[in-house]
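Asks: Have a look at this one before I ask anything.
The values are calculated or read from the model by the stated rules, or taken from the named source; none is laboratory data. Everything numeric in this text was worked out from a predicted model, so none of it was measured. So basically every Cβ, Gly included, is an ideal-geometry build from the backbone, and we count neighbours across all protein chains shown.
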Amino acid sequence: MLGVSALAAAPRALAEPAADWAITPPAGTFLAANATLQVGLPADLTSAQIAHLGVEIDDIDVTAIAHIGGGKIVYTPPQPLASGRHRLRVVEYASDGRLTPRGTWRFTTGSAGKRAAAANL
C-alpha cells in the first residue's frame, strides 16, 4: 500500500516548480533614465508564485505598477529615474510572512552611468 501512495504522489512532485530560483537580469548595467526595466522569470512558475512576487526599485515597492507574467517582470517608471546607481529587487512573499529574495539587478542611469561605462572600456 505504501508503494502505491508514493507513486500516486510522484507526478505532483515532478510538476512542482523549483523552490530555489532567481530572476534573470539583462547583461547591461547602463540605461537611459526613462528606460523600461525588464528581468526574466523561470517559465515554470505557477500563478500562485507569480501572485506572491514583489518588485522594488531602490527599496520602494513598485509591484502595483509592474507587469509580472509571461516569463518576465516589466516596469516602466512613471518618470525618469534620477541619474546614478539603482537597484531592482524581486522578492517572494510566503503565506506565513517570510520573505524570500529572488534576485537583485544593479544598474546605472544618466551621466554617472556614461562615465562608468567609458572608464570600463
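Asks: Residue 97 - would you say it is out of contact with any Lys or Arg (no Cβ under 6 Å at 6 or more places or on another chain), of a type outside the set (Val, Ile, Thr), modelled with pLDDT under 90 and loosely packed, with under 13 Cβ neighbours inside 10 Å? Talk me through it step by step, then tell me what you get.
Replies: On the way: out of contact with any Lys or Arg (no Cβ under 6 Å at 6 or more places or on another chain): yes; of a type outside the set (Val, Ile, Thr): yes; modelled with pLDDT under 90: yes; loosely packed, with under 13 Cβ neighbours inside 10 Å: yes.
Yes, satisfied.
Asks: Residues of the stretch 32-71 being of a type in the set (D, E, K, R) and exposed (fewer than 14 other Cβ atoms within 10 Å of the Cβ), which ones?
Replies: Of the residues in the stretch 32-71, the ones of a type in the set (D, E, K, R) are 44, 56, 58-59, 61.
The answer is 44, 58, 59, 61.
Asks: Another question, then. I'd like the full set of residues that are touching a Gly at 6+ places or on another chain (Cβ under 7 Å) and free of Cβ contacts under 8 Å to residues at least 12 places away in the same chain, limited to the stretch 48-83.
Replies: Correct list: 61, 63.
Asks: Okay, moving on. Collect the residues in the stretch 10-30 that are modelled with pLDDT of 90 or more and touching a helix residue (DSSP H, G or I) at 6+ places or on another chain (Cβ under 7 Å), keeping them in residue-number order.
Replies: If we filter the stretch 10-30 for residues that are modelled with pLDDT of 90 or more, which is where we start, we get 21-26, 29-30.
Within the stretch 10-30, just 30 meets the criteria.
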